[in-house]
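The values are calculated or read from the model by the stated rules, or taken from the named source; none is laboratory data. All of these numbers come straight from a predicted model, not from anything done at the bench. Every residue, glycine among them, receives a Cβ derived from its backbone with ideal geometry; neighbour counts consider all protein chains shown. With ligands, DNA and RNA removed, areas are computed over all heavy atoms of the protein, side chains included. Shrake-Rupley method; radii C 1.70, N 1.55, O 1.52, S 1.80 Å.
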Amino acid sequence: MAALSGKWHTRKIGVARVAVSLLFCLLIFRPAAVWGGPLTGTEYDVKTGFIYNFANFVSWPPAAFKDKGDDLVLCLASDTPAADALFKLNDQTIRGRKIKVIPYSQESCLDASHILYIATQDKNLVQKLLGIARKRNILTIGEIEGFTQMGGVINFFEEQNRLRFKVNIDAAKRAGLTMSSQLLGSAQIYREEHK
Amino acid sequence: MRASVLIFINMLVMAWISVLPPICGISVAADDQVQSETPDFTKFSLEELKNVEIISASKRPGIVWDAASAVYVITKEQIRRSGATSIPEVLRLSPGVHVARISATEWAVNIRGLNNQFAENLLVLMDGRSVYTHVFSGVFWDVQDTVMEDIERIEVVRGPGAALWGSNAVNGVINIITKNAHETQGGEAVALVGNEEQIASLRYGGTLGRQTSYRAYGKFFNRGDLNSVAGGLEDATGNPQSSDNWRSGRAGFRLDTAPVNDVPVAGANTFNLQGEAYRNRYNKEFERRSILFPTAPTGQGLQKDDSEASGFYLLGRWQHTLSPASQTALQFYFDHGEKDYDPASGKVNTADLDFQHDLTVAKNHDIVWGLQYRFISDEFRNSPNFSMDPQDLNQNLWSAFIQDQIHLAPDLLTLTLGSKFEHNEFTGLEIQPSLRLMYTPYRQLALWTAVSRAVRVPSRLELHGRISDQFLLPVVDPNVPVVVNVQGNADLDSEKLTAYEFGLRLMPTQSLWFDTALFYNDYDDLIGLEQISGTPPTGPYELAYANNATGRAYGVEIAADWQVMPNWRLAGTYTYLNTQIDKNLVADPNIAELVSRGVNPRNVVSIRSYLNVTPQIDFDAALRFVGSLPERNIDSYTNMDVRLAWRPFPKLELSLVGQNLLEEGHAEFSTLEVQRSVYGKIDWHF
């Protein structure tokens, strides 16, 4: 250790000067294209984009809709005020269907829904909702850590301030949902352990 | 006294109410601006969305919305962007924490109280392992280190945390949490070169099987000494007390069988094993000062000291899920530390076994209870200046705690009752209860209040130590040193605190929050010095420790955070602290003058700006004002840190940091000055 730090000591000034000048050179000659401006968004605005894509890349079994032109219903169970941004999806169309966002407090929210978005960190509530959604053709999306392990289909998580998502393929199968390769290609895949 | 505190609280509340409308007005406008810039993300592809940086209002960096106590969380992002290179320096980010650098290797860190090198009332934990030393009642900050990039977050709890954490968490708890091994996969190499320090660290993480991840790391640094203030003694080369050789090396590992906070199914088990070994060496040339009264020089001129510290620890944790509403955790650690430095030398071994059970009962009771056993064995080498009687000691510590969080009205009113019951061999059974109430009338407003009791068990030094000290006291005799002996007192009782707290959190818009805490601390049986005998003028004076002081402290801490624009965040903190400790019962006025329990600045203000110039470039700046310490002759200071970072590739970050830029040097706690520093850093993931 002593030998190593001795080496640092003698090189200290030289290395510092090189590092500093290198940093400045890189800053000055940085390609101009980077000045595109930062692409940022609030968490739920960006999630709106993700959910729109999920709806586009997931196929529900025919039984999930009564009619061809039926609405695609998203049931929002949330204790996070910020998640209200998801209501922006209302009336957008996807493959000929209108999206309807219904708050969980409304009766029959789950009965009519194709997507259940669970915006809470309350583990017990998540488990309760997943229990109700089970055995129905519902795409469950959550944000609590371990959501896929609990039997949820898609789980958002963050990595370096960017959103990522995990897909529980077995849970998707159980719900009768088919996912396109475009969706799975962007996802982190989770498989349940088979007995 | 109490009436004046009430008036003070009243005034603050009034100030709050009068301030509210303009704040809301400004921020609503700012929020609209943010919204108008929002692109339509439904037009984006999945891969494009994955590249959008999240401004996470719901995560509220720094704030813990539903905690009925004053908590501030320093996130990994804040640590990275602060440019701080050591744990004590990072703690400056939190409101209410007074951090002052004493010398190259020593910091004084404390919360809501009188600061000293061994900040007696503060408990510090690293990944559940207590790094508080019972010998001096404090923390050796020089050996508390790890790879900074591997720290997940630091939770700073101001106020008594004794109901959960136990004795010595009187004024606060600092909980340093490193990343789960699942989050540190792959390699990361960091090299930092600057005029005051050089650091290199290397970490590699991989997987063992499907669920288990590990990381192994090593870190070295070389840090420069501080200079003495103008007029101080100079060393042989003409530099005022300057040397350049605090060297530290450490290596460690961490193994996790499941990702952090994973919600496992009933019957699931997760394991975590981690360990580290370190060695520090510090050669200094210094002007010797009194051990007891650091403001008094000994008049012995410059002396050399080679300090050494080394140690290791091993920690294992087993978490078992009985059902989604019931989880247990069993933790064991062994910690060995030894230190050989100027006033003393010794070894301490600690073995700790901890059991905790979290369960939800009848839907609205969240109960946590636990049991703990700790064995502490120490061994000292006596010297003429410093001795312990007994020289070696084994101690057993038993404790139990229970806390019930009762959701009286879900999402509106929560009552938390808890207490710790702890038994030690010196002061017997210590009961430390707390009562906390949380009221959240709106989603944007949370109010809490708490009453709690906490104790500090006397340190080994206060119980069994003997210090023999000689120093110059010019008012007595400018040439002949005064001799002072301080004797430990095995009959000491614990110091006691009753704390009253009130807090308010406000989030007027998604892009703005405030967190305010008010407190009044009432201390009893504080341990001070008592004069037994004295033969003036030059002694020897015989002093002894005794529970002879009372005191109180009150203050306010404010943290605010404002996402001004999607790429610009401002964070500010303000701390006001007033401490009043009654004079110790030392009869001789010359000595009484020196007897001080420590000092704190009245006012501390900081403002930090985090700007993403582009997604690849950060520009961060921090300005801080720290009030004066008249008892130590330290002036107030204002200083600035600046950081510029660039990520040419996602896996590479280059940064340039300037610290304490406004002055060549400034003193923070002692006669040594913290210098202006500049460094460049390369952080490469591979």
Strands (runs of 3 or more DSSP E) contained entirely in segment B:625-686, each with at least 3 residues that are in contact with a Lys or Arg (Cβ under 6 Å, 6 or more places away or on another chain): B:652-659
Output the residues belonging to segment B:307-317 that are surrounded by fewer than 16 Cβ atoms within 10 Å (Cβ to Cβ) and more than 14 Å from chain A (Cβ to nearest Cβ). B:Gly316
Within segment B:496-509, is there a residue that is crowded, with 20+ Cβ neighbours inside 10 Å, polar (S, T, N, Q) and either within 14 Å of chain A (Cβ to nearest Cβ) or assigned to a strand (DSSP E or B) (or both)? yes
So A:Glu158, is it in a strand (DSSP E or B), among the acidic types (Asp, Glu) and either within 25 Å of A:Thr40 (Cβ to Cβ) or out of contact with any Phe, Trp or Tyr (no Cβ under 8 Å at 6 or more places or on another chain) (or both): yes
Conditions (1) open to solvent by less than 70 Å² (accessible area, probe 1.4 Å); (2) in contact with a strand residue (DSSP E or B) (Cβ under 6 Å, 6 or more places away or on another chain) -> A:Thr120 fails only (2)
From A:Leu184, A:Leu163, A:Leu129, A:Leu125, which residue is within 11 Å of another protein chain (Cβ to nearest Cβ), among the hydrophobic types (A, V, I, L, M, F, W, C) and buried (at least 21 other Cβ atoms within 10 Å of the Cβ)? A:Leu163
Looking at segment B:283-306, which of the residues that are among the β-branched types (Val, Ile, Thr) and open to solvent by 60 Å² or more (accessible area, probe 1.4 Å) is modelled with the highest pLDDT? B:Ile291
Matching residues in segment B:47-72 (surrounded by fewer than 20 Cβ atoms within 10 Å (Cβ to Cβ) and either modelled with pLDDT of 90 or more or not in a loop (DSSP other than H, G, I, E, B) (or both)) number 3
Residues located in segment B:659-675, provided they are without any contact (Cβ under 8 Å) to a residue 40 or more places away in the chain and buried (at least 18 other Cβ atoms within 10 Å of the Cβ): B:Asn660, B:His666
Among the residues of segment A:58-75, write down those that are touching a strand residue (DSSP E or B) at 6+ places or on another chain (Cβ under 7 Å), open to solvent by 10 Å² or more (accessible area, probe 1.4 Å), under 25 Å from A:Thr120 (Cβ atoms) and of a type outside the set (Val, Ile, Thr). A:Asp71
Mind listing whichever residues of segment B:190-207 are farther than 18 Å from B:Arg80 by Cα, without any contact (Cβ under 8 Å) to a residue 24 or more places away in the chain and either touching a helix residue (DSSP H, G or I) at 6+ places or on another chain (Cβ under 6 Å) or of a type outside the set (Gly, Ala, Ser) (or both)? B:Tyr204, B:Thr207
Could you tell me which residue of segment B:420-444 is nearest to B:Gly503 (Cα to Cα), considering only residues that are of a type in the set (A, V, I, L, M) and open to solvent by 20 Å² or more (accessible area, probe 1.4 Å)? B:Leu437
Within segment B:322-349, residues touching a residue at least 60 places away in the same chain (Cβ under 8 Å) and either of a type in the set (S, T, N, Q) or touching a Cys at 6+ places or on another chain (Cβ under 9 Å) (or both) come out as B:Gln331
Starting from residues that are crowded, with 21+ Cβ neighbours inside 10 Å and either in contact with a helix residue (DSSP H, G or I) (Cβ under 9 Å, 6 or more places away or on another chain) or more than 18 Å from B:Val73 (Cα to Cα) (or both), keep the ones in segment B:152-163 and report whichever is modelled with the lowest pLDDT. B:Ala162
Please find, within segment B:641-654, the residue that is farthest from B:Glu197 (Cα to Cα) out of those that are more than 8 Å from every other protein chain (Cβ to nearest Cβ) and open to solvent by less than 40 Å² (accessible area, probe 1.4 Å). B:Leu652
Residue check, B:Arg597 outside any strand (DSSP E or B) and either at pLDDT below 90 or of a type outside the set (Phe, Trp, Tyr) (or both): yes
Looking across segment A:141-160 at residues that are open to solvent by less than 10 Å² (accessible area, probe 1.4 Å) and within 10 Å of the chain's Cα centre (by Cα), the single one that is farthest from the other protein chains (Cβ to nearest Cβ) is A:Ile141
If I filter segment B:236-244 for residues that are at pLDDT below 50, open to solvent by less than 40 Å² (accessible area, probe 1.4 Å) and within 9 Å of chain A (Cβ to nearest Cβ), do I get at least one hit? no
Report whether or not A:Ile189 is in a strand (DSSP E or B) and either crowded, with 17+ Cβ neighbours inside 10 Å or away from chain B (no Cβ under 14 Å) (or both). no
Subset tally (residues that are among the polar types (S, T, N, Q), more than 10 Å from chain B (Cβ to nearest Cβ) and either crowded, with 18+ Cβ neighbours inside 10 Å or part of a loop (DSSP other than H, G, I, E, B) (or both)) for segment A:79-103: 1
I'd like to know if segment A:104-114 contains one or more residues that are in contact (Cβ under 8 Å) with a residue 24 or more places away in the chain, touching a helix residue (DSSP H, G or I) at 6+ places or on another chain (Cβ under 9 Å), within 14 Å of chain B (Cβ to nearest Cβ) and surrounded by 14 or more Cβ atoms within 10 Å (Cβ to Cβ). no
